[in-house]
1. Name every residue in region 267-306 that is in a helix (DSSP H, G or I), modelled with pLDDT under 80 and of a type outside the set (Asp, Glu), in order of residue number.
2. Which members of region 2-28 meet the condition of being away from the ligand (no atom under 13 Å from the Cβ) and at positive phi?
3. Evaluate region 159-174: report whether one residue or more is buried (at least 18 other Cβ atoms within 10 Å of the Cβ), within 25 Å of residue 55 (Cα to Cα), within 14 Å of the ligand (Cβ to nearest atom) and not hydroxyl-bearing (Ser, Thr, Tyr).
4. Return yes or no: is residue 144 over 15 Å from the mean Cα position of the chain (by Cα) and either open to solvent by 20 Å² or more (accessible area, probe 1.4 Å) or at positive phi (or both)?
5. Cβ-Cβ below 7 Å, separation at least six or inter-chain, first residue in region 44-65 and closer than 13 Å to residue 10 by Cβ, second polar (S, T, N, Q): which pairs?
6. For region 1-79, please list each of the strands (runs of 3 or more DSSP E) lying entirely inside it that holds at least 3 residues being more than 22 Å from residue 235 (Cα to Cα) and open to solvent by less than 30 Å² (accessible area, probe 1.4 Å).
7. For residue 86, all conditions in the list (1) in a helix (DSSP H, G or I); (2) touching a Ser or Thr at 6+ places or on another chain (Cβ under 6 Å) hold save one; what is the number of the exception?
8. Has region 197-210 got at least one residue that is modelled with pLDDT of 95 or more and either over 25 Å from residue 124 (Cα atoms) or of a type in the set (Ser, Thr, Tyr) (or both)?
Amino acid sequence: MTVIYDRVALIGLGLIASSMFWAMKRGGLAKEVVGYARSEETRDVARQIGLCDTVADTLVDAVKDADLIVLAIPVGAMEGVAAAIRPHLKPGATVTDVGSVKRAVIDAVAPHLPKDVHFIPGHPLAGTEHSGPRSGFAELFENRWCLLVPLEGTDPEAQERLRRFWEAMGANVDVMDADHHDLVLAVTSHAPHLIAYTMVGVADDLRRVTDSEVIKYSAAGFRDFTRIAASDPTMWRDVFLNNKDATLEILGRFTEELFALQRAIRRGDGDHLFNYFTRTRAIRRGIIEAGQDTAAPDFGRGGKKP
Ligand code: NAP
């Protein structure tokens, strides 16, 4: 049990913030955690389930005297919140975020923050398709990466403290430049989500033709797509609106490869298909060897929370 920040303010009380709260509680990482969510409904749920030591009714009450402020809200909402909290931040406090896109968040938030506050953007590479205050759990960040994206001139001590905080919640921490982050995430997360949304949309159109057999006989491949495509619409709308260039670049490449595979199928070019699938299989093995997923049947999801 090591207190890293005396008072932490969680702005937004969804999957990421609630997981952070339970992880902080488990590790005794903060003396007091104050939470704030936009809707009264979410604040009421938080109070009912004991999410946060205090739930504030206003942004100002939440950030007042906080040593660490975490913006755990959709990317498109960051600018408005940064502008609103600006006059109420304690000098020397650290502001961080958990947004899935980094360049757009930096452009939106940094201009609003006073000079005597440390702004250190971050992104935990951990999530589920669930959202809201009830969806969090302390183990979410366990053995997952958290990327910190410090701006030029960031105070090394403030950065080190934030690193220790994420490590104490179970994450492995790396530092990355914002544009590189956005490109890497476009490949590993954003484009795959868009493809899953598309595949489920296509199947839904087809369902009308196949008389709901798509659902009834849903096999693993399609079911995995539906899990990803169940992710929060607001969050993902904001991701694509704010990581436009990198996502479009990857989708362009994706379309070219898809056409090549389409041509191989049409021409009966089994070698092309076999070699392609052999290469992709090796990537899956690499992910398992790196400890970022499990080789268990059903991707080990059977007993995983939530
Ligand atoms: P979530 O479960 O959908 O919760 C979002 C929270 O933000 C809710 O408490 C919501 O309040 C609040 N909020 C929404 N719009 C707001 C606004 N305009 N002003 C103030 N608060 C607002 O979201 P999440 O999954 O925790 O995601 C939060 C952030 O983490 C996003 O930026 C996302 O990109 C990033 N992230 C997500 C994942 C993931 O897999 N989910 C992984 C890594 C990073 P109400 O409930 O009152 O509406």
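The values are calculated or read from the model by the stated rules, or taken from the named source; none is laboratory data. What you see is a predicted model, and the numbers here were worked out from it, not measured in a lab. Reconstructed Cβ throughout: ideal geometry from the backbone, glycine too, with neighbour counts over all protein chains shown. What goes into the accessible areas is simple: the full protein's heavy atoms, side chains included, and nothing from ligands, DNA or RNA. Shrake-Rupley method; radii C 1.70, N 1.55, O 1.52, S 1.80 Å.
1. So in region 267-306, the residues in a helix (DSSP H, G or I) come out as 267, 270-289, 297-300.
Those still in the list that are modelled with pLDDT under 80 too: 297-300.
Of everything in region 267-306, those that are in a helix (DSSP H, G or I), modelled with pLDDT under 80 and of a type outside the set (Asp, Glu) turn out to be 297, 299, 300.
2. Within region 2-28, just 28 meets the criteria.
3. yes
4. Criteria not met by residue 144.
5. 51/18
6. By residue number, 30-36.
7. Here residue 86 meets the rest and fails (2).
8. No; the residues of region 197-210 include none that is modelled with pLDDT of 95 or more and either over 25 Å from residue 124 (Cα atoms) or of a type in the set (Ser, Thr, Tyr) (or both).
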